[in-house]
Amino acid sequence: MGFLTKKRWQRRHLVETFMKFIMRVSLFIVAGSLGLILWIVVVRGLPSLSWEMVSQIPKGGYYMGKGGGILNAIIGSLYLAAGGTLLAMIFSVPIAIYLKTYLGDSKWGQYVRLSLDVLWGIPSIVYGAFGFALMISLGMRASLLAGIIILAFIELPIMTRAMDEVIRRMPEDLEHAALALGSTKFEVALRIVTRQMLPGITTAILLGFGRGIGDAASVLFTAGYTDRIPTSLMRPTASLPLAVFFQLSSPYPEVRERGYAAALILTVIVLVVSFSSRWLSARLNKYTVK
Amino acid sequence: MDAHIQVKNLNVYYGKQQALKDVNIEIPKNQITVIMGPSGCGKTTLLKTFNRFLELTEGTQLTGEVLVDGKNIYDRDVDVTEVRKVVGLLAQRPAPLPMSIFDNVLYGMNIHRMKKDRREYKDAARHYLEIAGLWDEVQNRLHDPATSLSIGQQQRLCLARGLAVEPEIILGDEPTSALDPISSQNIESRLIELKQQYTTVIVTHTLRQAKRLGDYVIYMYLGEVIEAGPAKEVFNNPQHERTRAYLEGQI
């Protein structure tokens, strides 16, 4: 016998074993780094995380280690990211649908995709500088509104391209079925494509939100920073990434510890939004055609 | 013959390749017309010219006329959505829309704003599900996803959905080829019941189905119509050598 037993030392089996090893190592490094990041944020942030921290704005001397919290940055970041995401959605949903429905894989469609990809690659500090220059020429001051607009610029290409990739995977059968009943192309897009692709569209919006809430460089110039909670769109606002940055660069150790707590809060917000939208899109998934 | 569809000098090209060559036929009203022929002969292409589905494929060119009730559907002033409302299609594989069974039946009526209030829509949904022979099976689960139905039930749902926009013509592109024998038989008997009210055109690649369903038969070969006529005449006494060869199973 013996002809069925694996020839372990044959070249192709060695290659297989080696490749599997490399893949496992890559996975371990990536998953390990993610775990390490979370671990550091939790271990260093948790001790100084308190109810005071998430429920109060900075009191006098906060940046030297005295009382107060970063409610201003939490609220500010939620306003900024929610506003930016909403504004980006208002533009990216129609663009994505237009790309799929009317431009398709035509030359113009490819140009639009290329320019979105280029926009995607521009560093956020450049967006910030662009926004700053624009604000100066308009005579505007750093404000919540300016921050929202710049975040929308940053989120738009990611959101649109992610939606575009999702919508392009739309099964042709479904479109044809709706067209055969006398639908216009727009009706197909509105009633069939958005329904079928809702889970993917949700993921795309989430990607945009994630990038928006985590971005520090663009809001530095445009939204500014303040210890107050903004009461109008024209007021400057604090944000969590900048709260992390300012506190971590403090000479006072207890303030630096609070920087980690702020990072923890930011991470938790992103996780909560991410999981809840996944849960939501799973529920919306009921009618989609597999 | 009372012709519902008339095809005049129809030529279709996919790029440089000619798919239909000078087709001239008439499709009788309120009968089942069967288009048959070996695969690649242009049956489906011909069918797709009747609801202007051919223009969904890029690079197709068409010359000639397709008249429905005497009006050329390729005229400039024709609204393609109206054409597809009048000429319904039952596809090869059922494609339920991503919504409930109930909403699937209502989809077409909704976009064409055919009914006044919710009551009327509900009654219409029931009416068409009954015609498609699906009502008894789904009346207690109207709000389940359409994809929860078996594939045979899905095809009957697609039939109900198509009839709900009140077409005059039903096209079927091998509508039973994805189904099991019992579901196929079910669809076939629906089509026979409906032929009093609708002009039906079915593409089929099975000769037995053509014989069971056809009142009028079109035989195609390599993009040309070889023979067309009442089923009895074509099946019992084919005029053309090629048709005879096909009927005897040589092609």
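With 10 angstrom as the radius, rank A:Thr267, A:Thr17 by how many other C-beta atoms surround their C-beta, starting from the fewest. Walk me through the numbers before you get to the answer.
Working: A:Thr267 17, A:Thr17 10.
Least to most surrounded, the residues fall as A:Thr17, A:Thr267.
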- prompt: Taking Cα centroids, how far is the stretch B:211-238 from the stretch B:45-122 in Å?
  reply: 26 Å
message: Please report the spacing between the Cα centers of the stretch A:174-208 and the stretch A:259-290 in Å, no decimals.
response: 23 Å
Paramagnetic reach from A:Lys286 in the stretch B:119-144 [backbone N under 12 Å; point 7 Å along Cα→Cβ]: B:142-144
Of all DSSP beta bridges in the protein assembly as shown, antiparallel share, percent nearest 5: 60 percent
statement: Most exposed to least, judged by fewest other Cβ atoms within 10 Å, A:Ser92, A:Ser106 sort to A:Ser106, A:Ser92
- request: Give the distance, in whole Å, between the Cα centre of the stretch A:1-68 and the Cα centre of the stretch A:211-228.
  value: 27 Å
message: With 10 angstrom as the radius, rank A:Ser281, A:Ser137 by how many other C-beta atoms surround their C-beta, starting from the fewest.
response: A:Ser137, A:Ser281
query: Considering only DSSP beta bridges with both partners in chain B, what is the antiparallel share in %, to the nearest 5?
result: 60 percent
field: Max mean-square fluctuation residue, GNM over chain A, Cα-Cα springs under 10 Å, options A:Ser33, A:Ser183, A:Ser77
entry: A:Ser33
- request: Per residue of B:147-159, count partner chain C-beta atoms within 10 Å of its C-beta, then hand back the mean as an integer.
  value: 1
message: Using a 10 Å cut-off around each Cβ of peptide A:167-178, what is the average number of partner chain Cβ atoms that fall inside?
response: 3
statement: Note to self, chain A gives a 222 nm [θ] from helices alone (DSSP H runs n ≥ 4, -39500 (n - 2.57) apiece, / all residues, nearest 500) of -23000 deg cm²/dmol
- prompt: Hey, what number do you get for chain B at 222 nm if only DSSP H runs of n ≥ 4 count, each worth -39500 (n - 2.57), divided across all residues, to the nearest 500?
  reply: -10500 deg cm²/dmol
statement: Length gained, A:Ser276-A:Tyr102, 0.36 nm per residue minus C-alpha separation, equals 59.3 nm
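Please state the relative contact order of chain A as a whole percent: Cα pairs under 8 Å, 6+ residues apart? Each step should come with its number before you reach the end.
Values: 384 pairs, mean separation 76.5, N = 290.
Relative CO of chain A lands at 26 percent.
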query: If you take the beta carbon distance between B:Asn236 and A:Phe3 as r and set R0 to 45 Å, what does 1/(1 + (r/R0)^6) give as a FRET efficiency, to the nearest 0.05?
result: 0.10
- prompt: Each label point is 7 Å from the Cα along the Cα-to-Cβ direction; what then is the distance between the points at B:Asp79 and A:Lys20, in nm?
  reply: 6.3 nm
- prompt: Residue-wise, which Karplus ³J(HN,Hα) couplings in Hz belong to the stretch A:229-235, taking 6.51 cos²θ - 1.76 cosθ + 1.60, θ = phi - 60°, and x for glycine or proline?
  reply: 7, x, 10, 8, 5, 8, 8
field: Separation of the B:Glu168 and B:Ala245 label points, Cα + 7 Å toward Cβ, nm
entry: 3.9 nm
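Determine the gain in length on full extension of the stretch B:Asp69-B:Leu56; use 0.36 nm per residue of separation and subtract their C-alpha separation, reporting nm with one decimal. Could the numbers behind the result be given before it?
Details: separation 13, 0.36 × 13 = 4.68 nm, distance 2.36 nm.
Full extension of this stretch gives 2.3 nm more.
For the ranges A:21-30, A:184-193, B:190-199, what's the packing order if you count other beta-carbon atoms within 10 Å of each residue, average per peptide, and put the highest first?
Working: A:21-30: 9.9, A:184-193: 18.9, B:190-199: 16.4.
Ranking, from highest mean packing down: A:184-193, B:190-199, A:21-30.
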FRET efficiency, A:Trp51 to A:Ile136 (Cβ-Cβ, R0 41 Å, nearest 0.05): 0.50
- line: Projecting the Cα atoms of A:Leu34, A:Ala189, A:Ile22 onto the charge dipole of chain A, where Lys and Arg contribute +1 and Asp and Glu -1 at Cβ, the residue farthest towards the positive end is A:Ile22
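Between B:Ser39 and B:Lys116, 0.36 nm times their residue separation minus their Cα-Cα distance comes to what?
Values: separation 77, 0.36 × 77 = 27.72 nm, distance 4.50 nm.
Length gained between B:Ser39 and B:Lys116: 23.2 nm.
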The protein assembly as shown - charge dipole about Cα centre, Lys and Arg +1 at Cβ, Asp and Glu -1, debye rounded to 20: 1980 debye
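Average partner chain C-beta neighbours within 10 Å, per residue of A:179-192?
Details: counts 8, 17, 18, 16, 7, 4, 1, 0, 4, 2, 0, 1, 7, 4.
Across the residues of A:179-192, the mean count of other-chain Cβ atoms within 10 Å is 6.
Throughout, read-outs are computed from the coordinates displayed, never taken from laboratory work. Owing to the predicted nature of the structure, the values given are computational and were not obtained by experimental measurement. Backbone-built Cβ (ideal geometry, glycine too); neighbour counts: all protein chains shown.
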